[in-house]
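A quick write-up on the structure given underneath.
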Amino acid sequence: MAERAILAYFYSPEQAEGVASKLKALRAVDVQVDRFSNDIGSGFESSMADSMINSDQETDAARLDIVLAAVIDEKCYEQAIRVIETAGGSV
């Protein structure tokens, strides 16, 4: 059985947990949901980051601080990606 890893980002833990349940139903081998710090820093690093953000879309992406990691059978990969995107996740 060939496996593929997936990393997907969400705005809320509820979104990610809902997708995690669906991926488990697709027989994902391992599914984990976690929050990470999206803090770019202060001072020089923050100024550089501010200068790189040039659209509302990029600012919106900075709020994607929930990560879902999963390992799924390659046969179910495309379906898993559709499940993630339909739920508002970003791969």
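Here, each number is a calculation from the coordinates, and none is a lab measurement. Bear in mind the structure is a predicted one, so any value in this text is a computation, not a measurement. No Cβ is skipped: glycine too gets one built from the backbone with ideal geometry, and neighbour counts run over all protein chains shown.
3J(HN,Hα) along the stretch 29-37, derived from phi through the Karplus expression 6.51 cos²θ - 1.76 cosθ + 1.60 where θ = phi - 60°, amounts to 6, 9, 9, 9, 10, 8, 9, 10, 7 Hz, with x in place of Gly and Pro. Computed from label points 7 Å out along Cα-Cβ, the spacing between residue 74 and residue 86 is 2.5 nm. Whole-Hz Karplus values for the stretch 6-15 come out as 10, 10, 10, 10, 9, 7, 9, x, 5, 4 Hz, taken residue by residue from phi with 6.51 cos²θ - 1.76 cosθ + 1.60 and θ = phi - 60°; glycine and proline positions read x.
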